[in-house]
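The values are calculated or read from the model by the stated rules, or taken from the named source; none is laboratory data. From a predicted model like this one, the values you see are computed outputs, not experimental measurements. Cβ coordinates were reconstructed from backbone atoms using ideal geometry, including for glycine residues, and neighbour counts include every protein chain displayed. Please note that ligands, DNA and RNA were not included when accessible areas were found on the heavy atoms of the full protein model with its side chains. Shrake-Rupley method; radii C 1.70, N 1.55, O 1.52, S 1.80 Å.
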Amino acid sequence: MLAESLADAAASARARHVAGLWPELVFLDIEKERVQRKKHLADDGRVPETLWLAPDVGGSLRGKNEVRELFPDSHAFATPKPEQLLQRILHIATDPGDIVLDCFAGSGTSAAVAHKMGRQWVAVERERSTVDTFTKPRLTKVLSGEDPGGITTVTRPTGDGLPVGLKSGEARTAAKALKAMFEDGNLDHTGLDEPTMKAVAKAMRGAEKTETETLWPGGGGFRHLRVGPSMFDLDAESGDVFLAEWATNGAFSEAVAAQLGFERREEPPFCGVKGRTRLAVLDGVVGATEVEYLTAALDEGERMVLVGQAFTDDAAATLREQSPGSKVRHAPYDLLRGGRQR
């Protein structure tokens, strides 16, 4: 909304722009009066650009070399992503402490970079051989500080910098060639004396001087979980959920312990423990008799989570009477819903 005519507002804007007092808006086309808000990163960097060139973020070759350095005896992935590319993406999209999810972990580049940048991460990989050969070993090296590549270190120029048009290594090569030509007498006609030649060669080498700083020394940890088959089956027509055919007896109790976060521990009649709470899993209908037997096996101060496929009417009441604070959970529905308490 303008408080003055468009022509007057445009004239005022042009005057402000010419005066150099234009901290937020810039003209894209001063004749057509097209403007755009100019943004800067808080840490005096540039805003993200659409085109990211290989010299800035690397390419497939750099990514392949990073993996090859970690696993020289293994065949590298065809197009692994370089760590510097993932670093830029995560810098733009996340903050330290955020969770980074990579559903196609592969060689583990995303997880490795997220870890080095102080992010939490979840990496998923379908092929177990890939996890065993690349993903897990690589992340183990990241934790132990044995991953020197990628963004682990940063190299900064300490000299005067290369002139425009020169690539890394060219000034050093030129200095070496100059020294050899002077020693062979090929520069006698130039009138260069030895002190001058040495000063020029030193300046060339100095232009490429750099220092390397280690940004990631190692540390942290992760858990490796192998996802098993689901213990639930879905009837597509009715929408009802059933326990899978394999979910019986010991297999059933093991899956329930994992689902509810209990430490698997076979101490009959219990199959898991979490602090002072015991887990009991029965494959079938649970009645008052089974409840009395299980509560009698509890030590003083212990409670129980009792999982069964069905309960008689008096089972829950008996549990509340015999062991206040203990709970029953029906499989599969209470497990799917986060364990509704009864």
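Compute the Cα gyration tensor for the stretch 50-148, then decide on rounded, prolate or oblate, letting a ≥ b ≥ c be the square roots of its eigenvalues: rounded whenever a/c is under 1.5, prolate when a/b is larger than b/c in the other cases, and oblate in all that remain.
The shape class here is oblate.
For a quick check of your reading of the filter: which GluC sites (Glu not before Pro) in the stretch 250-314 sit in a DSSP loop and have no more than 16 other Cβ atoms within 10 Å?
When the GluC sites (Glu not before Pro) of the stretch 250-314 are filtered for loop state and at most 16 Cβ neighbours within 10 Å, E300 remain.
Sticking with the crude label model, points 7 Å out along Cα→Cβ, report the distance from F242 to S129 in nm, one decimal please.
3.6
Could you tell me which chymotrypsin sites (Phe, Trp or Tyr not before Pro) in the stretch 240-342 are loop residues by DSSP with no more than 14 other beta carbons within 10 angstrom of their beta carbon?
Sites meeting the loop and neighbour criteria: W246.
Mind checking the per residue accessible area of the stretch 184-342 for me, 1.4 Å probe, whole number of Å²?
62
Loop-only GluC sites (Glu not before Pro) in the stretch 54-147, please: DSSP not H, G, I, E or B, and at most 16 other Cβ atoms within 10 Å.
Sites meeting the loop and neighbour criteria: E127, E146.
From the protein chains alone at 1.4 Å, what is the descending order of accessible area for M231, M204, largest first?
Highest to lowest solvent-accessible surface, that is M204, M231.
Using a 1.4 Å probe on the protein heavy atoms, what percent of the accessible area of the stretch 184-281 belongs to carbon and sulfur?
C and S atoms contribute 50 percent here.
Can you give the accessible area of L279 in Å² (nearest 10), computed on protein heavy atoms with a 1.4 Å probe?
0
For S74, tell me the accessible area in Å² from a 1.4 Å probe, rounded to the nearest 10.
40
When the solvent-accessible surface of protein heavy atoms is calculated with a 1.4 angstrom probe, in what order do H115, H91 fall, highest first?
From most accessible down to least: H91, H115.
By its C-alpha gyration tensor, with a ≥ b ≥ c as the square roots of the eigenvalues, how is the stretch 159-293 shaped: rounded for a/c under 1.5, else prolate for a/b larger than b/c, else oblate?
In terms of gyration-tensor shape, prolate.
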